[in-house]
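Peer 1: Attaching a single structure in structure tokens format; questions to follow.
Derivation of every value follows stated rules applied to the coordinates shown; laboratory data play no part. None of the values given here were measured: they were computed from a predicted structure. Every residue, glycine among them, receives a Cβ derived from its backbone with ideal geometry; neighbour counts consider all protein chains shown.
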Amino acid sequence: MQKPFLIVLIIAVIGALALFQLVDVNAAIAFFTGAIIASAVFTMQSSNAATTSNTQYKGPTMTLYVGNLPYRVHEGEVKELFGKYGPVNSVRLVRDRKTGRRKGFGFIEMSEAGAKKAMAKLNEFDFQERTLKVREAKSQDADKSDKTESKA
């Protein structure tokens, strides 16, 4: 959240200097005008980025299990990491029902091709001082059938 503010501030200062040099106006008015212009540009840019990042991938998808995640990690950080390998539809980090704390694993739904690349690149990858375990997630139906077969 700090980067957008710095970008707006830098653009505002540059705009103020340009206005102050080109037009004979007070420095405070030039800075204020630069800040308004920078804010407008940033708002338009972030609204365009929000519409493109919220679109769901429509092709074949795969769900990955990711284990040994840091307990302090957020969904956005995981989405950014896996997004380098393909479109990510969702990130679900599992929490303890009683305490609400993260359990250190989660599931990522992403494009099938991207998931295969991510499995190859991110399994045994050091992420925030933890070594990730990335596998294809098993469906709950498969778990139930495995348990009934083992009882027989």
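Peer 1: Any of K98/K138; K79/K116; K98/K133; K58/K103; K116/K138; K58/K121 with alpha carbons more than 21 Å apart? Name them for me. All intermediate terms of the calculation are to be shown ahead of the outcome.
Peer 2: Values: K98/K138 25 Å; K79/K116 15 Å; K98/K133 25 Å; K58/K103 30 Å; K116/K138 15 Å; K58/K121 23 Å.
Violating the 21 Å Cα-Cα cut-off are K98/K138; K98/K133; K58/K103; K58/K121.
Peer 1: Let's test the formula: R0 of 41 Å, r as the Cβ-Cβ distance of Y65 and V13. What FRET efficiency results, to the nearest 0.05?
Peer 2: It comes to 0.30.
Peer 1: Let me ask you something else. Starting from the Cα of A120, step 7 Å along the direction of its Cβ; do the same at S39; then give the gap between the two resulting points in nm.
Peer 2: With each label point 7 Å from Cα toward Cβ, the separation is 4.8 nm.
Peer 1: Considering only the other residues whose Cβ falls under 9 Å of the Cβ of M62, what net charge follows from Lys and Arg at +1 and Asp and Glu at -1? Walk me through the numbers on the way to the answer.
Peer 2: Numbers: positive: K116; negative: E109, E112, E136.
Taking every Cβ under 9 Å from that of M62, the sum is -2.
Peer 1: Rounded to two decimals, what ratio of Rg to Rh does the range 61-137 give with C-alpha atoms and a Kirkwood Rh? Before the final figure, lay out the partial values.
Peer 2: Details: Rg = 11.5 Å, Rh = 12.1 Å.
Taking Rg over the Kirkwood Rh, I get 0.95.
Peer 1: What ranking, highest mean first, results for peptides 100-110, 70-80 when packing means the other Cβ atoms within 10 Å averaged over each residue?
Peer 2: Details: 100-110: 16.8, 70-80: 14.3.
Going by the mean number of other Cβ atoms within 10 Å, highest first, we get 100-110, 70-80.
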